[in-house]
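Participant: Attaching a single structure in structure tokens format; questions to follow.
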Amino acid sequence: MGKALGNPWRRLGQGPLIAPSLLACDFCRMGEQIAQAISAGAQVLHCDIMDGHFVPNLSMGPGVVKSVRNFTDHPLDVHLMVSDPKRFAEVFAQAGADSITFHIEATDKPGEIIDFLHARGLGAGITLRPGTPASAIEAVIPLVDMVLIMTVEPGFGGQEFMANQLPKIRRIRSLLRPQQRLEVDGGINPRTAALAASAGADVFVAGADIFGSGDIPAALEDLRKGASTERKS
């Protein structure tokens, strides 16, 4: 049985990390596909949580995350796309998340959520929609372990990567300390991972490109090669 081990961003070391998005799994084969991804070298498992209000879609709930937690002790990176991130942070912390990321647009008290997560030994991440400027999170960047930049509009998988987010990636990378992670999510494949890595990203969330590929290990290897592109100054 798996268990939460706490803040993963402080124990995963340096270099690019691949975080398969479980939303793209075949839910009838989730355990099998998770095992394949882990065996192929995925370092983090990404869980997209949608409430049908903050974004126009519903996804998995705490019961699914708890089942994944019971299946593996691999790091669980939970992305809350919800209107009440403080309440859901508590719910998913109890379900076994190792790190929780929430949207700056959904709260006017981000510091309280970050403090809640850190008090429980969990990782804390902040994220923003494509239309939200980097300046919206500058005040809380020093407090978090990870920043997630959405490279599609949150709410649905399978969208195309928004190249107009690359300047935002570069800007936020310039504000981060070396030990803070910069994650990208949306339309990530080997080509777009290389673009994002060149701009400064070092955690790459991919769903359809991995679980919809028909060959999970090969897809992960191709993505790893793209993500290993050196950052341009």
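What follows is calculated from the coordinates using simple rules that are stated; it is not laboratory data. Just so we're clear, the structure is a prediction, and the values are computed from it rather than from any experiment. Using ideal geometry, Cβ is built from the backbone for each residue, glycine included, and neighbour counts are taken over all protein chains shown.
Participant: Once you keep just the Cα pairs under 8 angstrom separated by 6 or more residues, what percentage relative contact order results for region 16-227?
Facilitator: After rounding, I find 22 percent.
Participant: Connecting C-alpha atoms closer than 10 Å in a GNM of the chain, tell me which of K109, K86, K66 has the biggest fluctuation.
Facilitator: K109
Participant: State, as an integer percentage, the relative contact order of region 126-216 based on alpha-carbon contacts under 8 Å between residues 6 or more apart.
Facilitator: Relative contact order for region 126-216 comes out at 28 percent.
Participant: Ok, one more. For region 16-227, take every pair of Cα atoms, bin their distances at 10 Å starting from 0, and report each bin as a whole percent.
Facilitator: Spelled out bin by bin, region 16-227 gives 9, 38, 40, 13, 0 percent.
Participant: Mind giving me the nanometre distance, one decimal, between the label points for V140 and S39, set 7 Å out from Cα along Cα→Cβ?
Facilitator: In this crude spin-label approximation the distance works out to 3.9 nm.
Participant: Can you tell me which of S83, S135, S67 moves the most in a GNM of the chain? Springs connect C-alpha atoms under 10 Å apart.
Facilitator: S135
Participant: Would you please state which residues of region 27-64 a label at R11 would reach in this model, taking the label point 7 Å out along Cα→Cβ and a backbone N cut-off of under 20 Å?
Facilitator: Residues 35, 38-47 fall inside that zone.
Participant: Which residue, L182, L12, L128, has the most motion in a Gaussian network model of the chain that connects Cα atoms within less than 10 Å?
Facilitator: L12
Participant: So what is the calculated 222 nm ellipticity per residue for the chain, using -39500 (n - 2.57) for each DSSP H run with n of 4 or more, over all residues, to the nearest 500 deg cm²/dmol?
Facilitator: It comes out at -9500 deg cm²/dmol, rounded to the nearest 500.
Participant: So, counting K/R as plus one and D/E as minus one, what does the shell of residues with Cβ under 12 Å around S135 add up to?
Facilitator: Here the charged neighbours net out to +1.
Participant: When you count, for each residue, the other Cβ atoms within 10 Å and take the mean per peptide, how do 18-25, 214-221 rank with the highest first?
Facilitator: Ranked by mean Cβ neighbours within 10 Å, highest first: 18-25, 214-221.
Participant: In nm, give the distance between the simple-model label positions of A218 and A163, each being 7 Å from the Cα along the Cα-to-Cβ direction.
Facilitator: 2.7
Participant: Just grab the label-to-label distance for E105 and E32, each label 7 Å out from Cα along the Cβ direction, in nm (one decimal).
Facilitator: Between E105 and E32, the label points sit 3.7 nm apart.
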